[in-house]
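Single-structure report; data block below.
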Amino acid sequence: MLVEPDFPYPCKSKKGANYIHKNFVPIGLLKLGSLYRDLGCDVQLVRGEKRREEIGKQPDEILVTSVFTYWSKYVWDNIRYYREMFPASIIRLGGIYATLHNKQKKFKKLARALKVRTHKGLHRKAEEYLPDYTLLPKVDYHATHMMRGCIRRCSFCGTWILEPERTNKSKTEIEKELIAIGKNRVIFYDNNILANPHIKEILQLFENLKVNKKPVLYESQSGFDGRLLEKDPELAVLIKKARFQNVRIAWDNGLADQDAIKRQIDLLVMAGYKQNDISIFMIYNFNISYEQMIRKIELCAKWGVQITDCRYRPLELDFDNYNSSMRYGQPTGSYYIHDKSGWNDKKIRDFRSQVRKHNIWVRYAKDKGRPYDKNMERWSDIHTTFKFFKMGRPPQLEIIENSPKWKQCIQSMNKIKRYFNVNNKLSQFDFKGFNLEKVDREIKVIIENLYGNTDNVAKKGM
């Protein structure tokens, strides 16, 4: 039995545009599924804590994955749950947290108490297999790597520890893989995709590759190394021709790098990307002060690019109780604050708020010459809900506000979206082309199926 703990993927990541965590694919587990099926084993994948009757017979082995170290609580909660349910089963824990923390006292103590065996690093045998998507049939994209390891050794990143040996797939290997998988959307989880020595050949392949007689769309989850773009500007053109979407570059350091970042943006723009289609990765609550980070936002506004922000948490940290909804702050010790650089709870929340306002302005107002308006946030939330149901662009806010039926319908849509997000369920809704009356009918049917009598929905806390 393969287990993905019920990790608290942020709801914002399930909304559509970025989709980094939306229906996160546990690649390692899916490859292990292929391996064990090849060995003649019965395999099932479960997400979170399932009832005994949902699982069936007792598994011989339970393989649990882990991701961020600060989500360790969810890992041990799931292990404890299945250890009580299946006291005789072998439980193995692998993944990022297991690899980085297996020598820590707390980790060792819990592993002994729950009789857990630890797998460190990549599973070499499983790496030879493709993911078994029959275990997650509703996932519409292929998650993969074209290389392992990284040419950098950034202090905030653990890739060089997790993947100390660099390996690179060739153009032929990638082509065979994508054709065999048969999906028209591919997300690469490589830490530094441009460092693959075969990258130009691979990008040229992507330009013309068709799967199911259709072009394939690509995304690099970790973005592109702007320094490598500057070193070889042709890469930007090849990336565009290869149909990479949600293009991101990183600005990890201070203001001294602003000229280099601008050059990297210009390369992508000259290749054919619009400024507001480009996003800049920024790590905050780290070595760069709040004041410099605010200045970086101002420069991104000048350049017309979006920002993808990441709050720093040390690799040795095994908890994170940050709550974005607590606007007036949290008690000291609730989550990690890098006070050495002057960060505090108020600055962290303000920076995140400034990034949100900036991105909304870049998406919806900058090109129209309009300033930021708080109503844009409301419309942005509605737009996100429309994306969840694949409904395209919503009506203007004024039209929605003056239509009781639209307001009620959107309220119900938000309730359904929250249900799917809270329960970590995958959404396959497709309301493209539906008018208001048809949307209203479909929404009522969905709520009825989820909760029974629609009159009782409010009472059930949707």
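Tabulated data for the structure shown
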read-out	value
Trypsin sites (Lys or Arg not before Pro) restricted to the range 310-345 and DSSP loop, no more than 15 other C-beta within 10 Å	R327
Exceeding the 29 Å Cα-Cα cut-off - candidates K231/K390; K50/K405; K214/K387; K262/K347	K231/K390; K50/K405
Length-normalised contact order for the range 2-118 - Cα pairs under 8 Å, 6+ apart - percent	27
Three-way shape call for the range 2-118 based on the alpha-carbon gyration tensor, with the a/c threshold at 1.5	oblate
Cα-centred dipole magnitude for the range 126-368, charges only on beta-carbon of K, R (+1) and D, E (-1), debye, nearest 20	980
Three-way shape call for the range 113-181 based on the alpha-carbon gyration tensor, with the a/c threshold at 1.5	oblate
Taking the range 126-368 and dividing mean pair separation by its residue count, relative contact order in percent (alpha carbons under 8 Å, at least six apart)	14
Dipole axis of the range 2-118 (+1 Lys, Arg; -1 Asp, Glu on Cβ), positive-most option in I79, I90, L110	L110
Loop-located trypsin sites (Lys or Arg not before Pro) in the range 189-231 whose Cβ has at most 11 other Cβ within 10 Å (DSSP)	K213
Listed peptides 398-409, 181-192 by packing density, highest first (mean Cβ within 10 Å)	181-192, 398-409
Semi-axes of the equivalent ellipsoid for the range 126-368, Cα gyration tensor, largest first, Å	32, 22, 18
Dipole in debye (nearest 20) - the chain, about Cα centre, beta carbon charges: Lys, Arg +1; Asp, Glu -1	660
Helix-only [θ]222 nm of the chain, DSSP H runs n ≥ 4, -39500 (n - 2.57) each, per residue, nearest 500	-12000 deg cm²/dmol
Ordering of 438-445, 357-364, 290-297 by burial proxy (mean other Cβ atoms within 10 Å per residue, highest first)	357-364, 290-297, 438-445
Note, ³J(HN,Hα) from phi for the range 384-394, Karplus 6.51, -1.76, 1.60, rounded to Hz, x at Gly and Pro	4, 5, 4, 4, 4, 9, 6, 9, x, 7, x
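A short reminder: the numbers here are calculations on the coordinates, not readings from a lab. These figures come from a predicted structure and were not determined experimentally. A quick note on method: Cβ atoms are made from the backbone with ideal geometry, for glycine too, and the neighbour counts reach across all protein chains shown.
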